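The values are calculated or read from the model by the stated rules, or taken from the named source; none is laboratory data. This structure is a prediction, so every number in the text was calculated from the model and none was measured. In this analysis, Cβ positions are derived from the backbone assuming ideal geometry, glycine residues included, and neighbour counts consider all displayed protein chains. Surface areas here come from the heavy atoms of the whole protein model, side chains and all, with no ligands, DNA or RNA. Shrake-Rupley method; radii C 1.70, N 1.55, O 1.52, S 1.80 Å.
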Amino acid sequence: MSATAWTVSRTLLRRSLPLAGWYWVILYLAWAVVIGLTSRLGTIEVSMWENIGLQAPRWFTFVFGITAVGAYLPVFVAHGVTRRDALVGAWGFLLPYAVGFAAVTTIGFGVEYLTFDALGLLGGLTEPYPVDSAGGAAAIWLEFGLINLAYTAAGVLCAIAYHVLSPWWATLLLPVVLLPAFVVEIGFRTEWAGVVLGRLLGLGDEGHLGTGSVVAVATLLVACAVTWVLIRRLPLKKITG
């Protein structure tokens, strides 16, 4: 990574860290409130974190993908940064965010497991806890990291679509730009989207880490190649004022 690309990464990281920090504070507080109310008013039979802490972070990384390219790429280019350095720098910011979000999500399972154990709630679960070992945590982190990266890649493509096309056409193409995210979710057979889409395609409900990882890596490589081709030809609007 060149010095210029590294400057782009640092700028994006510095501007987004407060937002990401508050996001996770709010999410953990929401989880704590749900745990407290549910344990007091009823019974806890499943992981609350699995319902609260999985879907939202993926869409948050999607938004970061949109912001890094849609809002900041024209600004960096207007200040003399090449498209290559701007894109490399953007991914230098998006990559650690995606895997970092996956790490914080995985930590959430550890916090919840210890909380359930301390409160004696593990015995009341109707199914085994999703993460109960270091190996399970590593597998979850890998899966979530690749899924987050797929949503990030989809966000980048979404930003390009809205930059090139009219809002109506870009909105109509949302299912296309979201393909990286959907394909990877199907590969891992994630809850909700992965399982439902897999069933529509006639696939089974059981996902495998190895298969999902291969699908994710291949999808990300294709998405990055398409992104680079489009970025090179992207007509950037002049920044004035």
TODO: Read through the list (1) touching a residue at least 60 places away in the same chain (Cβ under 8 Å); (2) in a helix (DSSP H, G or I), then give the number of the only condition that Pro130 fails.
DONE: (2)
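Here is a yes/no grid of residues against (1) part of a helix (DSSP H, G or I); (2) more than 23 Å from the chain's Cα centre (by Cα); (3) surrounded by 20 or more Cβ atoms within 10 Å (Cβ to Cβ); (4) of a type in the set (Lys, Arg):
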residue	(1), (2), (3), (4)
Val8	yes, no, yes, no
Arg14	yes, no, no, yes
Ala20	yes, no, no, no
Asn51	yes, no, no, no
Arg58	yes, no, yes, yes
Val63	yes, no, no, no
Gly80	no, yes, no, no
Gly89	yes, no, yes, no
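Quick check on Val176: is it assigned to a helix (DSSP H, G or I), modelled with pLDDT of 90 or more and more than 23 Å from Val99 (Cα to Cα)? If you could, list the steps in order and put the result at the bottom.
Working: assigned to a helix (DSSP H, G or I): yes; modelled with pLDDT of 90 or more: yes; more than 23 Å from Val99 (Cα to Cα): yes.
Answer is yes for this residue.
From Thr43, Thr67, Thr115, which residue is of a type in the set (Ser, Thr, Tyr), closer than 20 Å to Ile147 by Cα and open to solvent by 20 Å² or more (accessible area, probe 1.4 Å)?
On the way: Thr43 fails: closer than 20 Å to Ile147 by Cα; Thr115 fails: closer than 20 Å to Ile147 by Cα.
Just one listed residue meets the conditions, Thr67.
Determine, yes or no, whether Leu149 is under 15 Å from Val226 (Cβ atoms), open to solvent by 10 Å² or more (accessible area, probe 1.4 Å) and not polar (S, T, N, Q).
Numbers: under 15 Å from Val226 (Cβ atoms): yes; open to solvent by 10 Å² or more (accessible area, probe 1.4 Å): yes; not polar (S, T, N, Q): yes.
Yes, satisfied.
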Task: Among (1) open to solvent by 40 Å² or more (accessible area, probe 1.4 Å); (2) touching a residue at least 24 places away in the same chain (Cβ under 8 Å); (3) among the small types (Gly, Ala, Ser), the one test that Ala3 misses - done: (2)
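Is it fair to say Glu185 is farther than 28 Å from Ala68 by Cα, charged (D, E, K, R) and either surrounded by 13 or more Cβ atoms within 10 Å (Cβ to Cβ) or touching a residue at least 40 places away in the same chain (Cβ under 8 Å) (or both)?
Details: farther than 28 Å from Ala68 by Cα: no; charged (D, E, K, R): yes; either surrounded by 13 or more Cβ atoms within 10 Å (Cβ to Cβ) or touching a residue at least 40 places away in the same chain (Cβ under 8 Å) (or both): yes.
When the stated conditions are applied, Glu185 does not pass them.
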Task: Where Ala225 falls short, out of the listed (1) open to solvent by less than 80 Å² (accessible area, probe 1.4 Å); (2) under 22 Å from Gly145 (Cβ atoms); (3) modelled with pLDDT under 90 - done: (3)
